[in-house]
Each structure stands twice: as C-alpha cells, then as structure tokens.
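What follows is one structure encoded as structure tokens, with my remarks underneath.
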Amino acid sequence: LFPLSAMAPLPAPTAASAFLFHAPPRGHHHHHKPKPASSSRPTTTLCSAAPSSTPSLADQLEPLSRMLLTDKPTPAADRAQRPTPEPTWVNPSRPRPTVLSLRRQRRRPAANHPSSAPLQPLLRDLRALPEDADLAPTLHAFFPLPGSPPTSSDALLLLNYLHPSWRKTLSLLSYLRALPADAGFAVDTILFNVALKSLRAARRWDEAERLALDMLDSGVPLDNITYSTLITAARRCRQFAKAVEWFERMYSPASGVLPDEVTYSAVLDVYAQLRMKEEVLALFDRARGSGWKPDHVAFAVLAKMFGEAGDYDGIQFVFKEMREVGIKPNIFVYNALLEALGKTGKPGLARNLFEEMAAEGVEPNARTLTAVAKIYGRARWGRDALQLWDQMRERKIPADSILCNTLLSMCADVGLVAEAEQLFEEMKNPDLTDVPQPDKWSYTAMINIYGSIKDADRALQLFVEMLQSGIEANIMSYTIVIQCLGKANRIRDAVEVLEAGLERGLKPDDRLCGCLLSVVALSTGEETELVLGCLEKFNGNLVKLIRMLGDNQVGTDELKDQLKAVLNAAETEVRRPYCNCLIDICQNHGLPARRPRELFRFAQGYGLYSKLHIRKDDEWLLDLRSLSVGAAKTAFDDWMAALSERVTQGQPLPQSFNVFTGSSTHKFAQGLASAFAAHLEEAAVPFRPSESQVGSFVSSRVELVPWLQTSSSSSRVVAG
C-alpha cells in the first residue's frame with residue numbers, strides 16, 4: 001500500500017535478498033484446512049572466510065528469520081497423533097465388485113468347504129491351540145511321513161482356514177516349507193500369496209515384506225497377485241513409500257510381470273495420498289497408453305485428489321476421461337465427484353450433477369445427501385437442503401448419524417433454528433422415526449445453534465442434558481458453550497464450565513485458547529483475572545504476552561519475539577484469530593494506544609492479514625470481513641495513515657475508495673458493519689454506506705483528500 005518512493009532505498013542485492021524476493025508468497029488463510037507448504041529455505045555450503053567487514057550469511061538472514069513463522073505449530077509432547085482412515089482394497093484374484101466398498105464377494109468359509117470334511121478333526125485341533133503355538137507336532141500327527149503327506153489342496157484349505165490368525169498361518173507355512181523333498185510336496189506362489197493376504201488383513205507390514213524377500217531369496221517367483229497384495233498391504237498400513245517401492249520393482253523389466261487394473265488403481269491412490277499429483281497423472285497416462293481401461297476405483301481416486309487440491313480443471317479432466325472410456329459413474333464415483341465439486345466451490349455444478357445422477361437412475365445414499373447438504377450449507381442454500389431432505393425421507397432412504405449431524409450443522413450455518421430443533425427432537429425419539437439417536441456431534445451442533453443466537457440458557461441446558469445422558473462432551477462443545485456464555489457476559493459461568501471440564505480430563509486445544517482470548521476481551525476487572533488464571537494453567541506464554549501488552553516498559557522487539565513464539569506454537573488456522581482477539585483486548589481494556597497498531601503490523605508482516613487490500617485502476621478496496629471489530633478498526637486506521645502519507649508526498653490516488661465489512665444480513669452475524677459505521681461516525685471520516693451493496697462503505701477522492709489534508713496528525717486518524 002505504501003509507494004515505493006516512500007520506502008527506504010533498497011540495499012544492494014545479496015544472496016539473502018535474492019532468496020527473499022524470489023521466494024513464493026505466503027498463502028492466505030481461509031477457513032479451509034491449509035495445505036502444507038514445502039520448505040524453500042536455501043542450503044548453504046562451507047566456503048572461504050569472508051573479510052571481517054562483510055557480514056556473514058547468517059547475519060544477513062537473521063532479519064529474515066524474524067519475519068517468518070513456521071509452517072506447522074511447534075510440536076507439543078502431550079499432543080496425541082490423530083488417527084487417519086484406512087484405504088480400501090479390492091481382491092485382484094477375483095471379480096471386482098461394481099462399487100467401492102470394503103465388503104468382498106461372499107465366499108464359503110474354508111471350514112465349511114465340501115472337500116474339507118476329512119480335515120475337520122485337524123481343524124478342531126488347530127482351533128484349540130494357543131495363538132502362538134507351534135503347529136508342527138499336530139500336523140505331523142495328522143500327516144505321518146513318509147506315507148501321507150498333505151496335498152496342495154489340503155495345504156490351501158488349511159491356509160484359508162487359518163487366515164484370521166497370521167501367526168498360525170506363518171507356522172503352517174513354515175511346516176510346509178520344511179517338508180522333505182521326497183514327500184513330493186512343493187510350496188508354490190499360491191500358498192505364499194494366501195499367507196501374504198493373512199498378513200495384510202492383520203496389517204503386519206514388516207512380516208509381509210520379510211516373507212516377500214524370502215520368496216525372492218528362495219527362488220519362488222512373484223506373480224501379479226503377489227505384487228498387488230504387497231502394494232495394497234503397504235497402503236493399508238500407511239507405508240506409502242514402500243508401496244511405491246514395490247510398484248517400481250514390479251514395473252521393472254526384470255520382474256516379468258505387468259500391473260493389472262487393480263494394481264494401477266491401488267498405486268494411483270497411494271500417489272494421491274502422498275499428494276504426488278504429477279506422478280498420478282503420469283502413471284494414468286502411461287497405463288492408458290499400455291491399454292489399461294480405468295475402472296470406477298481409479299476415477300474415484302482422481303476425483304478425490306482433484307477435490308482435495310481444489311482443482312476444478314482436474315475434475316473436468318475426470319469427466320472427459322470417463323466419457324472417452326465409456327464408463328458411467330456409479331454411486332461411489334458420483335459421491336466422490338460431488339465432494340470434489342463442493343471443495344472447489346462449485347455448488348451450481350454439484351446440483352446439476354446430483355440431478356443428472358437422479359436422471360440416470362442412480363439411487364443416492366446417505367453419503368450422497370451428506371455431500372449435497374455440505375455444499376448447500378456453504379452456499380447458504382438451506383431451504384434447498386431441507387427440501388431435499390424431505391424428498392429423501394419420503395423415499396425412505398436410510399439416514400445415518402453423519403447425515404443428520406451434517407444437516408444440523410448446515411442449519412447452524414444458515415440460521416434455520418426451528419428446522420434444526422425439529423430434526424433434533426426426531427433424533428431423540430427414534431421409535432417414531434428412522435433417524436439415529438443423537439450423539440456428541442448432534443448435541444454440539446445444537447449447542448452451536450443456540451450459541452450463535454446468543455441463547456446462553458438453552459445452550460447451557462442442552463450441554464448439561466448431554467452430560468447427564470452419559471454422552472461425554474468433546475472439546476468443541478466446551479468451546480462453544482464457553483464462547484456463548486462469554487458473549488452473554490456470564491464470565492463466571494464460563495470459568496466454572498472450563499474448570500469442570502478440566503476436572504473431567506478436558507485437554508484444551510488452540511481453538512479453546514482463542515475462545516478464552518475472546519472472553520478476556522469481553523470481560524472486565526476481577527473477571528478478567530479469573531479467565532487469565534484458567535488460561536495460564538495450559539498456555540502460560542499467551543498470558544505472558546497479554547501482560548506484556550499492558551506494560552509500557554516492554555519494547556517493540558521483545559513484544560515481537562513473544563508474539564512470534566506464541567504464533568509458532570499455535571495451529572496455522574488460529575493464528576489470525578489470536579491476533580484479532582489480542583487487538584480487541586488492547587482496545588477494550590485501555591492498553592497503551594500504540595499496541596493495536598504494533599500487533600496489526602507484526603501480524604501483517606507474518607502474512608496473517610494478507611489480501612485485505614485490493615487495488616484497481618479507479619478504486620481501492622479494504623476487505624475487513626475476516627477481522628474482529630477491534631482488528632477492523634485498527635486495519636482501517638492503518639489504511640488511513642498510509643493514504644495520508646501518500647497525500648503528503650503527492651502520490652496519486654484512485655477515484656474512489658471502498659471498505660467492505662460484509663452484508664451482516666444473516667441473523668447470526670456479529671454486527672461488524674454496525675460497529676464499523678459507529679467508528680466512522682466517531683472519527684468523522686467521509687465514508688458513507690453504499691446504495692448498491694449492503695455492508696459496503698464508499699468515499700471518493702474529492703471527499704477523502706481534503707479530510708486527510710486537514711487532519712492535523714495521526715492521532716485524529718486513529719481516534720477511537
């Protein structure tokens with residue numbers, strides 16, 4: 001926003017400055033989950049010593065390091081690893097089902113196979129043995145040598161019978177491999193494959209890879225099923241690098257084996273899990289060139305990958321390839337495409353796809369409705385989502401808890417309180433309807449609705465009801481209740497809820513800390529110390545920063561270092577809300593007047609307030625929608641100071657100026673537009689509400705420049 005002529009002369013380019021100017025810009029923080037950024041730090045090499053008068057590279061990079069935040073929060077010792085869902089797999093040795101499902105084709109158990117009748121006594125004996133027992137004595141007694149060795153059919157039936165127990169499977173395989181050569185029995189690839197499938201089902205990757213390497217050492221050939229089983233086992237165990245390694249070994253000319261359609265689909269999913277988009281497309285093209293016809297699994301993987309990346313062109317590529325191959329989407333491919341379109345922000349196209357699915361006769365399921373409800377909720381199409389819900393209930397499509405909770409959350413987003421209450425009551429009376437009973441997520445969604453309309457009594461009543469019904473509240477429930485009580489100025493009640501949660505084993509996260517910061521901003525006097533005392537129990541650095549803000553003796557550098565430490569220790573998505581609340585605290589509690597501007601500029605330097613300013617040829621716009629009331633005032637005052645400096649220096653200005661605070665037409669809006677209008681009136685800045693756009697304040701150069709010129713100092717600009 002500042003003119004180049006107003007800035008200090010740039011120093012001569014150095015290695016550090018060249019890196020800074022060519023580094024990619026930091027991404028803007030949206031409400032979506034942020035993508036992990038790859039490190040672009042330059043590597044240094046040892047070189048001859050520079051003259052003492054020349055600063056070292058470390059000294060040159062030191063100012064840059066002070067301006068950067070870490071991409072990920074500082075790891076905490078007590079932070080548990082979040083579980084990740086397991087991928088699906090399709091058996092390559094049998095016809096694949098026509099849907100993406102974890103269920104296989106139903107097969108007769110090995111123990112009930114007609115040819116297993118002579119083996120029933122042996123099967124009973126093996127069942128009675130402990131899990132880690134040696135099966136060799138029992139097997140030797142049933143198959144005495146040299147006269148009665150087991151046949152290949154007997155071995156295969158026994159391995160299939162022992163499939164649920166990977167230890168007994170390996171013990172049986174060891175017995176078969178130890179049979180003497182004169183017994184006339186040879187362990188072939190099929191038996192190894194059955195053992196590998198048992199290890200895959202048990203998620204024993206180390207044992208599976210060890211067995212495969214043993215096959216290579218023993219000269220047993222690995223066939224297509226062997227490689228496919230290993231690749232899918234590695235994927236199921238989240239060993240994606242190993243899956244790629246075995247696929248590359250399979251694809252090498254020395255293996256003598258070519259991947260089939262199931263292997264291609266599995267490896268595409270592995271590459272997608274690793275976010276290796278280029279490798280996915282390269283493998284897809286290479287497989288298509290070799291004559292492979294992609295199946296529904298492959299297209300669902302591609303749709304999911306492009307959806308996670310927000311790549312609408314990629315989704316169009318999936319549609320194009322499906323038309324060329326001649327495959328019509330099934331319900332699971334439609335679900336993947338709908339979810340992808342929702343993540344790319346294309347609600348209209350998602351609705352058209354849903355209508356196309358109905359026209360094709362594909363029956364939607366609960367996951368379909370969940371995806372559509374999320375899309376409609378983000379697009380503020382609440383009535384459409386509820387109408388769809390009524391239609392699906394008339395058709396008696398079964399609803400699961402995920403769908404019902406999604407509809408409740410959608411009602412919270414668009415302000416449909418009565419409809420949410422009706423659905424919640426139906427969930428509490430499952431005998432009258434076919435919907436599931438409410439769980440902790442259902443209660444949390446309803447508490448969020450009451451918290452959004454500032455009905456603290458009903459939110460707290462429902463929270464107590466959840467605890468009394470035996471449903472343990474999650475961290476989100478506590479956060480919403482505390483925030484609702486804080487907005488209702490019931491600070492002591494909020495502190496009591498927090499302390500009760502801590503006694504029940506609640507582990508506060510960064511979002512709860514941000515909620516407590518907002519409560520601190522709303523509190524006064526002794527209540528402020530109560531909240532800070534609770535916050536200090538699990539985030540002492542944040543409380544230390546607040547106390548530093550109120551200390552006039554604390555310098556700018558010291559404050560900046562403490563802020564950087566707090567932000568680096570926090571999740572990326574809460575860093576901007578932290579700064580918003582800290583600025584609100586400074587303004588509401590009468591802290592030194594310079595603190596809000598300092599915090600705003602520190603956060604702006606860290607990239608937390610990027611894209612607030614939009615410059616066009618004839619209009620400059622300030623977008624305040626993502627800021628709190630205090631932060632919005634500070635951002636506007638900082639903008640006015642910059643414009644005042646441009647006027648003083650004679651720099652050109654556009655014809656018009658626009659400040660956008662959001663429409664605030666939604667019943668759950670926090671009133672940023674009205675608070676900002678009061679700030680404009682107090683500062684007597686010549687901005688007026690726009691006649692064409694609600695929540696927008698406009699001014700012209702003719703009106704604003706005289707005001708900037710007559711403002712005696714920045715103290716008037718920063719009034720209030």
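The values are calculated or read from the model by the stated rules, or taken from the named source; none is laboratory data. Remember, predicted model here, so these are calculated numbers, not experimental data. Here the Cβ positions follow ideal geometry from the backbone for every residue, glycine too, while neighbour counts run over all protein chains shown. Side chains are part of the model used for accessible areas, which takes the heavy atoms of the whole protein and leaves out ligands, DNA and RNA. Shrake-Rupley method; radii C 1.70, N 1.55, O 1.52, S 1.80 Å.
With respect to Leu498, is the statement that it is open to solvent by less than 40 Å² (accessible area, probe 1.4 Å), part of a helix (DSSP H, G or I) and touching a helix residue (DSSP H, G or I) at 6+ places or on another chain (Cβ under 6 Å) true?
Working: open to solvent by less than 40 Å² (accessible area, probe 1.4 Å): yes; part of a helix (DSSP H, G or I): yes; touching a helix residue (DSSP H, G or I) at 6+ places or on another chain (Cβ under 6 Å): yes.
The answer is yes for Leu498.
Looking at region 671-708, which of the residues that are modelled with pLDDT of 90 or more and β-branched (Val, Ile, Thr) is most open to solvent (accessible area, probe 1.4 Å)?
Step by step, filter region 671-708, then rank; the result is Val702.
Of everything in region 570-590, what is crowded, with 18+ Cβ neighbours inside 10 Å and more than 15 Å from Ser628 (Cα to Cα)? Give them in sequence order.
Matches in region 570-590: Ala570, Thr572.
Search region 593-605 for residues that are more than 13 Å from Ala632 (Cα to Cα) and pair each with any residue that is assigned to a helix (DSSP H, G or I) and open to solvent by 10 Å² or more (accessible area, probe 1.4 Å) when their beta-carbon atoms are under 7 Å apart and the residues are at least 6 apart or on different chains.
The qualifying pairs are Glu598/Thr556; Phe602/Lys560.
Among the residues that make up region 362-370, is at least one of them among the acidic types (Asp, Glu) and either within 21 Å of the chain's Cα centre (by Cα) or in a helix (DSSP H, G or I) (or both)? Show your work before the answer.
Taking region 362-370 and keeping what is among the acidic types (Asp, Glu), we get 363.
Filter once more, so that each one left must be either within 21 Å of the chain's Cα centre (by Cα) or in a helix (DSSP H, G or I) (or both): none.
No: zero hits.
Could you list, ordered by first residue, the pairs with Cβ atoms under 8 Å in which the first is in region 457-469 and closer than 15 Å to Gln483 by Cα and the second is open to solvent by 40 Å² or more (accessible area, probe 1.4 Å), at least 6 apart or interchain?
Pairs found: Leu460/Asp493.
Suppose we keep only residues that are in contact with a Leu (Cβ under 7 Å, 6 or more places away or on another chain) and assigned to a strand (DSSP E or B) within region 618-651. Which one would you say is most open to solvent (accessible area, probe 1.4 Å)?
Here the answer is Asp623.
Residue by residue through region 167-182, note down the ones that are open to solvent by 40 Å² or more (accessible area, probe 1.4 Å) and under 12 Å from Glu131 (Cβ atoms). Show your work before the answer.
First, pick out the residues of region 167-182 that are open to solvent by 40 Å² or more (accessible area, probe 1.4 Å): 167, 170, 174, 177-178, 180-182.
Within region 167-182, Arg167, Leu170 meet the criteria.
When the residues of region 527-576 are narrowed to those that are of a type in the set (A, V, I, L, M, F, W, C) and without any contact (Cβ under 8 Å) to a residue 24 or more places away in the chain, which ends up farthest from Asp493 (Cα to Cα)? Steps first, answer last, please.
In the first step, residues of region 527-576 are kept if they are of a type in the set (A, V, I, L, M, F, W, C); the result is 530-532, 534-535, 538, 542-543, 545-546, 548-549, 554, 559, 563, 565-567, 569-570, 574.
Those still in the list that are without any contact (Cβ under 8 Å) to a residue 24 or more places away in the chain too: 532, 535, 543, 548, 554.
On the way: Leu532: 15, Leu535: 15, Val543: 21, Met548: 27, Val554: 33 Å.
Within region 527-576, the match that is farthest from Asp493 (Cα to Cα) is Val554.
For the structure I just gave you, tell me whether Val194 is in contact with a helix residue (DSSP H, G or I) (Cβ under 7 Å, 6 or more places away or on another chain), aliphatic (A, V, I, L, M) and open to solvent by less than 30 Å² (accessible area, probe 1.4 Å).
On the way: in contact with a helix residue (DSSP H, G or I) (Cβ under 7 Å, 6 or more places away or on another chain): yes; aliphatic (A, V, I, L, M): yes; open to solvent by less than 30 Å² (accessible area, probe 1.4 Å): yes.
The answer is yes for Val194.
Please go through region 197-245 and give me each residue that is outside any helix (DSSP H, G or I) and touching a residue at least 40 places away in the same chain (Cβ under 8 Å), ordered by number. First the steps, then the outcome.
Within region 197-245, the first condition is being outside any helix (DSSP H, G or I), and the residues that meet it are 202-204, 219-223, 237-239.
Passing the criteria: only Arg238.
Does Gly377 qualify as being at pLDDT below 80 and in contact with a Cys (Cβ under 9 Å, 6 or more places away or on another chain)? If you could, list the steps in order and put the result at the bottom.
Details: at pLDDT below 80: yes; in contact with a Cys (Cβ under 9 Å, 6 or more places away or on another chain): yes.
When the stated conditions are applied, Gly377 passes them.
Is it true that some residue in region 340-363 is at pLDDT below 80 and at positive phi?
Yes, because at least one residue in region 340-363 is at pLDDT below 80 and at positive phi.
Go through region 222-276 and give me each residue that's open to solvent by 20 Å² or more (accessible area, probe 1.4 Å) and polar (S, T, N, Q).
Asn224, Gln239, Ser252, Ser255, Gln273, listed by residue number.
Name every residue in region 144-173 that is in a loop (DSSP other than H, G, I, E, B) and among the polar types (S, T, N, Q), in order of residue number. Even if it seems obvious, please write down each step before you answer.
Here is the first cut: in region 144-173, the ones in a loop (DSSP other than H, G, I, E, B) are 144-151, 162-165.
Ser148, Thr151, Ser165 - these are the residues of region 144-173 that are in a loop (DSSP other than H, G, I, E, B) and among the polar types (S, T, N, Q).
Could you grab me the full set of residues in region 452-493 that are part of a helix (DSSP H, G or I), within 21 Å of Thr524 (Cα to Cα) and basic (Lys, Arg)? Break it down into steps so the answer makes sense when it comes.
Here is the first cut: in region 452-493, the ones part of a helix (DSSP H, G or I) are 452, 456-468, 475-487, 491-493.
Still in the running and within 21 Å of Thr524 (Cα to Cα): 456, 479-487, 491-493.
Answer for region 452-493, where residues must be part of a helix (DSSP H, G or I), within 21 Å of Thr524 (Cα to Cα) and basic (Lys, Arg): Lys487, Arg492.
What number of residues in region 289-308 are open to solvent by 40 Å² or more (accessible area, probe 1.4 Å), of a type in the set (Gly, Ala, Ser) and in a helix (DSSP H, G or I)? Reasoning before the result, please.
At the first step, the residues of region 289-308 found to be open to solvent by 40 Å² or more (accessible area, probe 1.4 Å) are 289-291, 293, 296, 304, 308.
Filter again for of a type in the set (Gly, Ala, Ser), leaving 289-291.
With in a helix (DSSP H, G or I) added as a condition, the list becomes 289.
Total satisfying the criteria: 1.
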